[in-house]
Amino acid sequence: MKNKALNAKYVITAVIVFAAVIVLAFFAFENRGEKNVTDNMSFVPRNENISVKIGDEPIENYSIAYAFGCRDSAEDLSSYIEKVTGKKLTVTRGKPNGKYILIEKSKEESEIEIKDGIITIKGNDSKDCQKQVNIFANTYLGYAFAGEAREHILENTEYINIPQNTYKCDDPWIPYREPIICLWKTDTARGIYTDQSVNLDSELMSYSDDMLYQYVKMMKFYGYNGIQVTDMYSAWAQYGNYEFVQQRLRFMADAAHSLGMDFTLWVWGAEFYGHRWVDKTVTYIDYDIPSREKQEIIDSFDKYYTIYAKLADCSDRVVMHFNDPGNLATSEDIAFFAKRFKTMCNEKNPDIVFGVSCYTYQIDLDKIYDELGSEVYIYSGVVHTDEETNQYAELNNWTRMKDMGIAVWSWNLCEMEIDQIAEMNVNSHIIADSYRRTRNAVEDNNIEYWSEMDSYHIANMFSLYCSGRLLQDPDLDEDVLLHESCAALVGDEYCDDLYECVSIIKDARSGSGWKEFKSSYDEYILLSDAYPAEELLKRCDAAIPKMEEMIDANLKNNTIPLPFSTSETLDMMLPHLYEIREYSQFRIDLKKAEEMAKDGADKEELSNFVEKIYTPVREYDTITGCWGQAEARAQFFLLDEFCKRNEIETPHDATFDRYRKDRILGEIEMKQKNSEVCLKFNPKSSFQMGIAFGEEETERLTLELVDEGLLVLDKEGTVYLPYWENSKFD
């Protein structure tokens with residue numbers, strides 16, 4: 001009996017030990033391959049706790065749930081939340097009652113979904129779940145670089161509002177969507193004219209690391225899953241050197257990747273000096289032999305391609321822009337140098353996706369195919385009008401026949417390019433129409449990637465928000481999206497007021513569609529008789545006090561991350577309403593002048609009235625570009641045309657003239673810096689080929705610069721800098 005009892009005791013002990021081994025093995029298996037990546041991090045805790053809400057619900061009312069194999073990821077998420085809020089959430093296996101954040105494995109695509117306040121974080125395996133938790137912390141909890149040695153909570157994070165629902169499109173029209181973050185310097189467009197008044201809150205290159213991180217994150221909230229950044233010598237000139245610019249771009253690439261986004265590098269493929277960047281060693285072209293056969297030209301391109309290629313290791317894509325202006329004479333040369341740069345990039349990053357921007361058919365694409373084969377993406381333009389449909393359809397079919405990828409590089413759709421007509425635009429209706437036209441141009445559109453211009457930056461947020469959503473589903477209601485973007489910025493209380501403010505900007509500057517928005521068309525809204533001046537003036541008078549009230553309210557309920565406060569963001573918008581109000585008043589007054597002329601007023605009476613009503617629309621602290629403030633430019637065109645038609649003298653404002661003269665002189669000086677010989681200019685086209693101000697006005701201002709001794713007029717009728725030798729700069 002004693003031996004039997006002893007044997008039973010041994011059996012029970014063995015069973016207990018075996019069970020313990022099984023349990024330990026289970027937990028080891030459940031968390032196999034995982035490591036708590038926040039261990040031993042150089043994390044700097046904040047001195048105060050941050051309020052975090054999901055919708056209206058404080059995050060401390062949530063629990064964290066995890067599925068099999070995700071325990072360590074759940075513990076890490078709990079740690080992230082505790083460091084931000086000071087509150088520790090319960091961590092349990094399986095779905096609990098109430099509000100929760102669930103971490104689970106999924107054989108489908110990794111994702112973070114928020115639906116009705118319930119958050120689900122999915123990864124393909126344990127390691128991917130950990131990655132998705134880090135992305136969640138970076139995206140929604142105020143972290144930067146979670147899971148890395150530089151992990152920290154972003155500065156100036158006073159509160160965090162996580163949306164109760166995130167937009168999800170299971171089958172997006174464009175799989176890869178990015179803004180084109182353009183590096184024209186906001187206060188010195190094209191290196192021509194420095195505007196001392198510009199609000200530098202849009203000056204990205206001067207942002208702190210944390211502000212720049214927030215800016216990249218902001219794009220993710222709009223619906224983009226990557227960013228494209230333009231690396232170009234004009235930025236190097238404005239910021240001192242390429243090393244500084246590329247350091248900031250590399251940081252942006254790192255930020256994007258930490259947020260689960262892609263990074264695309266755009267380079268000005270055949271343009272290496274100008275805009276105050278001077279390199280006398282550059283040789284572009286020899287008309288006697290092809291550029292690809294002259295070693296000096298090859299050396300010039302290699303010099304700059306080597307610089308651009310420094311960023312290939314952190315880039316998922318690279319796009320070469322060979323037009324506008326471009327300095328290669330033939331498509332064969334373009335193809336040769338494209339292949340040369342592609343080789344450099346592939347040496348640093350074999351997986352990089354290479355592309356060539358051609359708008360549509362500006363270069364012979366067969367030459368690109370012959371040289372580079374099918375492993376290249378062709379970047380086309382967008383279909384804005386019926387006339388562009390056939391051309392785009394041909395390009396789409398050509399790329400399909402060649403088994404090449406097609407992508408879109410969209411310029412001047414969300415907004416005008418700020419180096420020309422710089423203004424805040426709200427283009428939700430034009431964006432939607434252009435996307436639908438492009439999608440419908442061919443039966444089976446094979447666009448894989450789309451980039452949309454971001455040049456005015458913060459104040460462009462409403463168009464960018466609509467673009468990020470419409471690129472996923474072009475059939476979404478653009479007005480609803482615009483309203484959503486307003487709610488995301490200021491919350492429900494002021495949403496309708498902000499929607500009216502941005503709608504005023506949309507109606508005043510973009511009109512009903514593409515041809516009213518684009519200044520090259522006769523229908524251009526600012527010069528059109530269709531401009532609704534009386535209505536806009538009334539709307540501005542009602543909306544501006546509301547905007548001022550929003551700014552003073554110091555709102556803290558936005559669900560879009562911003563580099564600075566909501567009030568500062570709104571403060572950048574307010575001057576645009578002032579400009580529209582001033583221009584609307586002028587249009588009303590000019591209409592009175594038209595009626596006076598029609599009723600037979602004499603020239604003296606008309607002259608006196610025109611003098612009285614003409615005060616140029618002010619620039620305030622808005623970004624103005626080298627063409628000047630948009631309404632002020634249109635205002636002078638209309639005024640001058642009226643005066644000529646009625647044979648009276650056009651009034652001129654000394655301050656307005658000074659702005660324009662400084663721009664003319666700045667462009668001449670900029671061009672002279674690139675030359676060893678004295679450059680001479682036709683007074684009618686001395687600035688922006690005479691397009692910006694009109695040839696007659698350009699000539700008048702240029703000749704006044706001669707009278708002031710700042711330019712010299714020679715016997716051939718051309719002008720040049722009297723101090724041209726002093727303008728040379730290396």
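Looking at PHE341, PHE354, can you tell me which residue is in a helix (DSSP H, G or I) and either of a type outside the set (A, V, I, L, M) or under 26 Å from ASP433 (Cα atoms) (or both)?
PHE341
Among GLU158, GLU178, which is touching a Lys or Arg at 6+ places or on another chain (Cβ under 9 Å), within 30 Å of GLY628 (Cα to Cα) and acidic (Asp, Glu)?
So the residue among GLU158, GLU178 that is touching a Lys or Arg at 6+ places or on another chain (Cβ under 9 Å), within 30 Å of GLY628 (Cα to Cα) and acidic (Asp, Glu) is GLU178.
Taking helices (runs of 4 or more DSSP H) that do not extend beyond region 553-657, which have at least 2 residues that are within 30 Å of ARG190 (Cα to Cα), in contact with an Asp or Glu (Cβ under 8 Å, 6 or more places away or on another chain) and polar (S, T, N, Q)?
Filter on region 553-657 gives 566-598.
Would you say CYS540 is under 28 Å from ASN165 (Cα atoms) and either outside any helix (DSSP H, G or I) or at pLDDT 95 or above (or both)?
no
Any idea which of (1) assigned by TED's automatic domain parsing to the domain that holds TYR239; (2) not in a loop (DSSP other than H, G, I, E, B) is the one GLN196 doesn't satisfy?
With (1) assigned by TED's automatic domain parsing to the domain that holds TYR239; (2) not in a loop (DSSP other than H, G, I, E, B) applied to GLN196, the lone miss is (2).
Exactly one of (1) under 23 Å from MET261 (Cα atoms); (2) in contact with a helix residue (DSSP H, G or I) (Cβ under 9 Å, 6 or more places away or on another chain); (3) among the basic types (Lys, Arg) is unmet by ARG71. Its number?
Condition (1) is where ARG71 drops out.
Anything in region 707-730 that is basic (Lys, Arg) and either free of Cβ contacts under 8 Å to residues at least 40 places away in the same chain or in contact with an Asp or Glu (Cβ under 6 Å, 6 or more places away or on another chain) (or both)? List them, or say none.
Result: LYS715, single match.
Can you name every residue in region 658-696 that is polar (S, T, N, Q), touching an Asp or Glu at 6+ places or on another chain (Cβ under 8 Å) and surrounded by 16 or more Cβ atoms within 10 Å (Cβ to Cβ)?
Selection gives SER686, GLN688.
Under 7 Å between Cβ atoms, at least 6 apart or on separate chains: pull out the pairs that start in region 249-261 with a residue that is small (Gly, Ala, Ser) and end on any residue that is part of a loop (DSSP other than H, G, I, E, B).
Close Cβ pairs satisfying both conditions: ALA253/SER315; SER258/PHE145.
Going through THR157, THR92, THR139, THR85 one at a time, which residue ends up being more than 26 Å from LYS556 (Cα to Cα) and either of a type in the set (S, T, N, Q) or not assigned by TED's automatic domain parsing to the domain that holds SER63 (or both)?
Being more than 26 Å from LYS556 (Cα to Cα) and either of a type in the set (S, T, N, Q) or not assigned by TED's automatic domain parsing to the domain that holds SER63 (or both) holds for just one of THR157, THR92, THR139, THR85, which is THR92.
Is at least one residue of region 391-413 under 30 Å from ALA632 (Cα atoms), among the hydrophobic types (A, V, I, L, M, F, W, C) and free of Cβ contacts under 8 Å to residues at least 60 places away in the same chain?
yes
Regarding region 398-406, can at least one residue be identified that is surrounded by fewer than 17 Cβ atoms within 10 Å (Cβ to Cβ) and among the acidic types (Asp, Glu)?
Among the residues of region 398-406, at least one is surrounded by fewer than 17 Cβ atoms within 10 Å (Cβ to Cβ) and among the acidic types (Asp, Glu), which makes the answer yes.
What's the number of the condition LYS303 fails, among (1) modelled with pLDDT of 90 or more; (2) closer than 22 Å to ASN446 by Cβ?
(2)
Can we say LYS220 is charged (D, E, K, R), within 15 Å of the chain's Cα centre (by Cα), crowded, with 20+ Cβ neighbours inside 10 Å and part of a helix (DSSP H, G or I)?
Considered against the rule, which asks whether it is charged (D, E, K, R), within 15 Å of the chain's Cα centre (by Cα), crowded, with 20+ Cβ neighbours inside 10 Å and part of a helix (DSSP H, G or I), LYS220 comes out as yes.
Which pairs turn up if I take residues in region 274-287 that are at positive phi and look for partners that are assigned to a loop (DSSP other than H, G, I, E, B) with beta carbon separation below 7 Å, at least 6 apart in sequence or on another chain?
GLY274/ASN674; ARG276/LYS673
The values are calculated or read from the model by the stated rules, or taken from the named source; none is laboratory data. Here the structure is a predicted model, which means the values were calculated and not measured. Cβ: placed from backbone, ideal geometry, glycine included. Neighbour counts: every protein chain shown.
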